[in-house]
Amino acid sequence: MADILKGGPCAKALTEELIGRTVTLKQKDVTPCLALLRIGERGDDIAYENAAVKRCEKIGISVKKFLLRSDVSREEVLSAVRAINMDADIHGCLMFRPFPDKAVEEAASRLLLPEKDVDCMTSGSLASVFSGSGVGYPPCTAEAVVRLLHYYDIPISGRRVTVAGRSLVIGKPVSMLLLRENATVTVCHSRTEDLAGECRRADIVVAAIGKAKLLTKEFFAKGQVVVDVGINVDAAGNMCGDCDFEAAEPVVAAITPVPGGVGSVTTAVLCEHVVRAAEKA
Ligand code: NAD
């Protein structure tokens with residue numbers, strides 16, 4: 001039987017720390033504030049927004065919402081970003097991606113002030129994930145993976161890690177963060193010839209593909225730690241990860257559940273970035 005690495009306790013510990021830091025900020029008349037910019041009404045965006053708002057409320061972070069229609073013009077989006085930049089009370093901004101228009105998304109990320117970029121949209125923040133310069137913030141989900149491993153005292157240094165997925169939001173940044181922790185990282189993607197073999201050879205598997213239960217029994221080996229980042233819906237309409245949990249759990253040493261794994265830590269990491277941005281301001 002594998003240990004189940006639930007995100008809840010890790011998120012709770014971080015939330016409690018953030019409540020303390022927010023109290024200290026409020027004593028200096030600073031209330032951390034997150035701007036949420038959402039275009040349209042996508043269900044997964046709204047679910048993440050609700051979870052983020054709930055976590056912010058618990059910590060004492062205020063939220064300003066910028067909700068735009070899905071047919072919004074480029075100029076309206078950019079003027080919302082300018083308003084966020086100019087509002088001194090706002091410390092961090094989360095924009096739900098992808099935007100309906102890729103070019104507008106790129107223009108918005110070029111415009112956003114780097115110090116308010118709490119989810120690694122700007123090229124400066126992305127560069128710092130690679131350089132380790134300490135400027136900006138890594139993508140919240142990528143950082144949540146590393147925090148979860150630390151919370152459960154799972155050694156990373158020197159371990160073989162296979163990351164399945166190479167997106168700019170998860171796969172690539174989590175690979176860089178784990179490399180910074182001295183893991184030996186293999187990054188796999190849709191053209192990888194033997195994904196099952198690459199996963200089996202790893203001490204830690206991070207699955208960030210976005211395909212329901214793609215990783216079946218032959219992807220796993222005894223003693224492994226599996227972090228399932230995927231959020232998908234299976235054929236029966238239930239939320240599930242990229243790993244076939246029932247197949248993996250009897251084999252591996254530890255595995256994160258979906259739901260209740262990495263996703264729970266992501267909103268707490270977002271709040272940590274906002275509090276840190278307020279502390280810096
Ligand atoms: P994406 O579509 O941008 O990237 C998917 C990656 O998987 C690509 O790099 C692609 O090369 C790779 N891939 C696709 N098919 C593959 C295959 N058959 N074999 C190997 N690699 C393959 O997705 P994303 O934005 O990185 O998200 C990945 C998953 O993480 C999704 O399920 C998403 O919903 C979830 N997610 C979770 C959280 C969280 O907080 N837990 C946050 C964001 C996204």
Limited to segment 228-242, what total is found for residues that are small (Gly, Ala, Ser) and open to solvent by 10 Å² or more (accessible area, probe 1.4 Å)? 3
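Give segment 149-165 a look and list any residue that's surrounded by 23 or more Cβ atoms within 10 Å (Cβ to Cβ), of a type in the set (A, V, I, L, M, F, W, C) and more than 10 Å from the ligand (Cβ to nearest atom), or say none. Before you say what the answer is, go through the steps one by one.
Going residue by residue through segment 149-165, those that are surrounded by 23 or more Cβ atoms within 10 Å (Cβ to Cβ) are 149, 161-165.
Next, only the ones that are of a type in the set (A, V, I, L, M, F, W, C) stay: 149, 161, 163-164.
Scanning segment 149-165 gives Leu149, Val161.
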Can you work out which of the residues in segment 248-281 that are open to solvent by 20 Å² or more (accessible area, probe 1.4 Å) and more than 20 Å from the chain's Cα centre (by Cα) is farthest from Tyr152 (Cα to Cα)? Ala281
Can you name the residue in segment 184-207 that is in contact with an Asp or Glu (Cβ under 7 Å, 6 or more places away or on another chain) and among the small types (Gly, Ala, Ser) and, of all such residues, is surrounded by the most Cβ atoms within 10 Å (Cβ to Cβ)? Ala207
Number of the condition not met by Phe245 [criteria: (1) at pLDDT 95 or above; (2) buried (at least 23 other Cβ atoms within 10 Å of the Cβ)]: (2)
Ser264 being part of a loop (DSSP other than H, G, I, E, B) and among the polar types (S, T, N, Q): no
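State all residues of segment 249-259 that are hydrophobic (A, V, I, L, M, F, W, C) and either within 16 Å of the ligand (Cβ to nearest atom) or part of a strand (DSSP E or B) (or both); if no residue qualifies, say none. First the steps, then the outcome.
So the first thing to find is which residues in segment 249-259 are hydrophobic (A, V, I, L, M, F, W, C), and the list is 251-255, 258.
Of everything in segment 249-259, those that are hydrophobic (A, V, I, L, M, F, W, C) and either within 16 Å of the ligand (Cβ to nearest atom) or part of a strand (DSSP E or B) (or both) turn out to be Ala254, Ile255, Val258.
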So which residues in segment 168-191 are at pLDDT 95 or above, part of a loop (DSSP other than H, G, I, E, B), near the ligand (Cβ under 10 Å from one of its atoms) and under 19 Å from the mean Cα position of the chain (by Cα), if there are any at all? Ile170, His189
Six or more apart or on different chains, Cβ atoms under 7 Å: show the pairs whose first residue is in segment 166-183 and more than 16 Å from Leu148 (Cα to Cα) and open to solvent by 70 Å² or more (accessible area, probe 1.4 Å) and whose second is more than 6 Å from the ligand (Cβ to nearest atom) and charged (D, E, K, R). Arg166/Lys172
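Restricting to segment 192-218, what's the tally of residues that are in a loop (DSSP other than H, G, I, E, B) and either on the phi > 0 side of the Ramachandran plot or near the ligand (Cβ under 9 Å from one of its atoms) (or both)? Steps first, answer last, please.
So in segment 192-218, the residues in a loop (DSSP other than H, G, I, E, B) come out as 192-194, 201-203, 208-214, 216.
This time we only want the ones that are either on the phi > 0 side of the Ramachandran plot or near the ligand (Cβ under 9 Å from one of its atoms) (or both), so: 192, 208-214.
Counting residues in segment 192-218 that are in a loop (DSSP other than H, G, I, E, B) and either on the phi > 0 side of the Ramachandran plot or near the ligand (Cβ under 9 Å from one of its atoms) (or both) gives 8.
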Subset of segment 208-227 (residues that are within 15 Å of Val251 (Cβ to Cβ) and surrounded by fewer than 23 Cβ atoms within 10 Å (Cβ to Cβ)): Lys213, Thr216, Lys217, Glu218, Ala221, Lys222, Gly223
So, in segment 135-148, exactly how many residues are open to solvent by 60 Å² or more (accessible area, probe 1.4 Å) and either away from the ligand (no atom under 13 Å from the Cβ) or of a type outside the set (Lys, Arg) (or both)? 1
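Test Arg69 against the criterion of being of a type in the set (Lys, Arg) and under 25 Å from Leu113 (Cβ atoms), and give yes or no.
So Arg69 passes the test.
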All conditions in (1) closer than 30 Å to Gly8 by Cβ; (2) touching a strand residue (DSSP E or B) at 6+ places or on another chain (Cβ under 7 Å) are true of Leu112 except (1)
Among the candidates Val227, Val205, single out the residue that is in contact with a Ser or Thr (Cβ under 8 Å, 6 or more places away or on another chain) and within 26 Å of Ser125 (Cβ to Cβ). Val227
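The rows are residues; the columns are (1) farther than 17 Å from Tyr151 by Cα; (2) small (Gly, Ala, Ser); (3) out of contact with any strand residue (DSSP E or B) (no Cβ under 8 Å at 6 or more places or on another chain).
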| site | (1), (2), (3) |
| --- | --- |
| Cys243 | yes, no, no |
| Ala248 | yes, yes, no |
| Ala253 | no, yes, no |
| Gly261 | no, yes, no |
| Thr266 | no, no, yes |
| Val269 | no, no, yes |
| Val275 | yes, no, yes |
| Ala281 | yes, yes, yes |
Looking only at segment 219-247, count how many residues are more than 14 Å from the ligand (Cβ to nearest atom), part of a helix (DSSP H, G or I) and under 20 Å from His189 (Cα atoms). 0
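The values are calculated or read from the model by the stated rules, or taken from the named source; none is laboratory data. Please read all numbers here as calculations on a predicted model, not as lab measurements. Heads up, the Cβs are rebuilt from the backbone with ideal geometry, glycines too, and the neighbour counts pull from every protein chain shown. Just so you know, the surface numbers come from the protein's heavy atoms only, side chains and all, with ligands and any DNA or RNA stripped out. Shrake-Rupley method; radii C 1.70, N 1.55, O 1.52, S 1.80 Å.
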